[in-house]
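The values are calculated or read from the model by the stated rules, or taken from the named source; none is laboratory data. The structure displayed is predicted, hence computed values, not measured ones. We place every Cβ from the backbone using ideal geometry, glycine too, and count neighbours over all the protein chains shown. Only protein heavy atoms, including side chains, enter the accessible area calculation; ligands, DNA and RNA are left aside. Shrake-Rupley method; radii C 1.70, N 1.55, O 1.52, S 1.80 Å.
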Amino acid sequence: MSTFKEPEAYLKSGSNELKILEYGIGELHLGINILKVSRILDCPEKLARPGATAHEAVVGLFEDHDKIVPLVDLGQILGIASENRKSRVIITEFFDEITGLLVDKVEQVLTLSWEQVVGADEILWTLDNPYIIGVARPSEEHNVLLVDYEKIVLELAPSIKEDKGRKKGKKRGSGIDDNGSDVNGSGSSDREAK
């Protein structure tokens, strides 16, 4: 039986299974809860420069569905060297922050039972990577590393820790509160556009 402690992002209510999107960086196979994936894109050709205070792993900014999205080199954050041309972007949302994760390739969606997941400390005791929290094992020969994306987002935008408690009613960056009201005074909301 696994002692893997599931972060909230991997839980699927009322089920003993999880679905993860498997992707690759270099030779490693990694996974993200499919519920946290908005869409997958080819890497944008044109990127705006990030601000001077941006985290070093933010390689640029691009527009997606009228939102400015930071593009993060996930391999750099995880310390994974890759000879491949990073060509795919996984759009995610954690803490109401939309982020594009730059990866080499997207593989497949896996449906797994929790018995196929073990904590990183049980199998990777020699790996010193604070972002790897577990390993999904679809088969004996196939391991998919599970990453703590929440920890990464909190490091990319440390103000989220403070904002979590203070801005409970306002969705970060959208200008729309939970009631659909425009808090920026621009005269329209995302809900009106739908």
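Report, in whole Å, the centroid distance computed from the Cα atoms of region 12-54 and region 72-126.
A separation of 6 Å, based on Cα centres.
Taking the Cα centre of region 85-124 as the origin and placing charges on Cβ (Lys, Arg +1; Asp, Glu -1), which of V106, S87, V117 is farthest toward the positive end of the dipole?
Positive-end residue among those listed: S87.
Going by accessible area, probe 1.4 Å, with all protein chains left in place, what is the ranking of D104, D96, largest first?
D96, D104
Using only the Cα atoms of region 42-116, build the gyration tensor, take square roots of its eigenvalues as a ≥ b ≥ c, and label the shape rounded, prolate or oblate: rounded if a/c is under 1.5, else prolate if a/b is larger than b/c, else oblate.
prolate
Among the GluC sites (Glu not before Pro) within region 53-137, which fall in a DSSP loop and have no more than 11 other Cβ atoms within 10 Å of their own Cβ?
In loop regions of region 53-137 (DSSP not H, G, I, E or B), the sparsely surrounded GluC sites (Glu not before Pro) are E56, E83.
Over region 17-93, average the accessible area per residue using a 1.4 Å probe and give it in Å², no decimals.
For region 17-93, the per-residue accessible area is 55 Å².
Which distance in nm do the two modelled labels at E140 and S113 give, with both placed 7 Å along the Cα-to-Cβ direction?
For E140 paired with S113, the spin-label model returns 1.8 nm.
Solvent-accessible area of K36, probe 1.4 Å, all protein chains present, reported in Å² to the nearest ten, please.
Roll a 1.4 Å probe over it and K36 shows about 60 Å².
Show I68, I32 ordered by accessible area, largest first, where the area counts protein heavy atoms only and the probe is 1.4 Å.
My answer, sorted largest first, is I68, I32.
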